[in-house]
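Enquirer: Input: one structure, supplied below.
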Amino acid sequence: MSIIKVKSVSNNGQIKIEELDVYCNKLSKKNNSVLFKLEECLNKKLLSDPELTEIRDTILTVSGELNRLNDCILTDGDSIEGLQ
């Protein structure tokens, strides 16, 4: 499989190039930190309310998808045998 790289720009304008799996892992961790911050701001657990539980589940689903993204990408040279 080809190595896919991502170019990102930090808050201070610095350009950074990193492998897709590293970038996705970082995004997933940021996404998960939102759960902690949300619980702190609300001063309650997200599992204590059905609507908050739905928000929590969505955030966790996105984090999981981000972690699996690198394994889901097909490039021109990849074989698709057995994937259909």
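Each value in this text was obtained by applying a stated rule to the coordinates, not by laboratory testing. Note that the structure is a prediction, hence the values are computed from the model and not measured. All Cβ positions, even for glycine, are placed from backbone atoms using ideal geometry, and neighbour counts span all protein chains on display.
Enquirer: Taking the Cβ of SER33 as the centre, find all other residues whose Cβ is under 15 Å away and add up their charges (Lys, Arg: +1; Asp, Glu: -1).
Expert: Local charge sum for SER33: +3.
Enquirer: Compute the acute angle (0 to 90°) between the alpha-carbon long axis of helix 20-42 and the principal axis of greatest extent of the alpha-carbon atoms of the chain; round to the nearest 10°.
Expert: In the chain, helix 20-42 runs at an angle near 10 degrees to the longest axis.
Enquirer: Right, here's the next one. With charges set only on the Cβ (+1 for Lys and Arg, -1 for Asp and Glu), what does the dipole of the stretch 36-75 come to about its Cα centre, in debye to the nearest 20?
Expert: Computed about the Cα centre, the dipole is about 120 debye.
Enquirer: Listed highest first by mean packing, meaning other Cβ atoms within 10 Å per residue, what order do 2-14, 52-64 come in?
Expert: Output ranking for 2-14, 52-64: 52-64, 2-14.
Enquirer: To make sure I understand, if each residue's beta carbon is the centre and we count other beta carbons within 10 Å, what order do CYS24, CYS72 fall in, fewest to most?
Expert: Fewest-to-most ranking of CYS24, CYS72: CYS72, CYS24.
Enquirer: Which value at 222 nm does the chain reach when only helices count, each DSSP H run of 4 or more adding -39,500 (n - 2.57), with the total divided by all residues and rounded to the nearest 500 deg cm²/dmol?
Expert: That calculation yields -19000 deg cm²/dmol at 222 nm.
Enquirer: Select from LEU27, ASN70, THR53 the residue farthest towards the positive end of the dipole of the chain; place +1 on Cβ of Lys and Arg, -1 on Cβ of Asp and Glu, and compute about the Cα centre.
Expert: So the residue furthest toward the plus end is LEU27.
Enquirer: Among the listed pairs LYS5/LYS30; LYS16/LYS45; LYS7/LYS29, which are separated by more than 24 Å between their Cα atoms?
Expert: Distance filter (> 24 Å) returns LYS16/LYS45.
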